[in-house]
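Comments concern the structure below.
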Amino acid sequence: MRIPMVLPLNEGFLRRECPHCERQFKVRVQQPDDVLEEHELTELELTNFCPLCHEPAPANTWWTKEQIEYQNQVTTAAVSDELHGMLTRTFAGLNQPRGPFRVEIERNEVEEPKSLDEPHDMIRVDPPCHQETPLKIPVTWGRDVACFECGIRYPVDVIRVEG
Ligand SMILES: [Zn+2]
Ligand SMILES: [Zn+2]
């Protein structure tokens, strides 16, 4: 059972949260002029680096708490639909027009997952080693920033993109 899930982007950037320091930042996953401001996720067997605390972690561990909550809601809704369909089909044979009894399957009310917001609240930095993966970090950040792909560190003022 494949559960499709799309996450909102901001200028092609996806919000991420470090599993070590729990700070949030954004990584560009799409060209900004792509019309679709949504991202369907593919899990890669990679290690990435937190731009803020510089610690490495596997590529599938950078979910924000809000994204995990959203994933749970999407999964619950999809499983509930699937289950309802399965039970309805299972009992369909019992519901003969003049049969002795009827079985009706009530569908549990599952809250429709609310899609996530993607506010513009960070500044952009472009690590020169991986220019195809620019980042966005909190406006107030003053310490070194590590490249998400390879972990090389730069003073924030050196790689900060003005504008
Ligand atoms: Zn971190
Ligand atoms: Zn790099």
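Each value in this text was obtained by applying a stated rule to the coordinates, not by laboratory testing. As the structure is a computational prediction, the values presented were derived from the model and not from experiment. Backbone-built Cβ (ideal geometry, glycine too); neighbour counts: all protein chains shown.
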Calculated FRET value between LEU83 and CYS150, using beta carbons and R₀ = 35 Å, to 0.05: 0.20
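Around PRO128, under 13 Å between beta carbons, what's the net of Lys plus Arg minus Asp minus Glu among the other residues?
On the way: positive: ARG153, ARG160; negative: ASP126, GLU132, GLU149.
Neighbour charge sum, excluding PRO128 itself: -1.
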All Cα pairs of segment 51-163, percent lying beyond 21 Å: 60
Extension gain (nm, one decimal) between ALA59 and VAL103, 0.36 nm per residue minus Cα-Cα: 11.2 nm
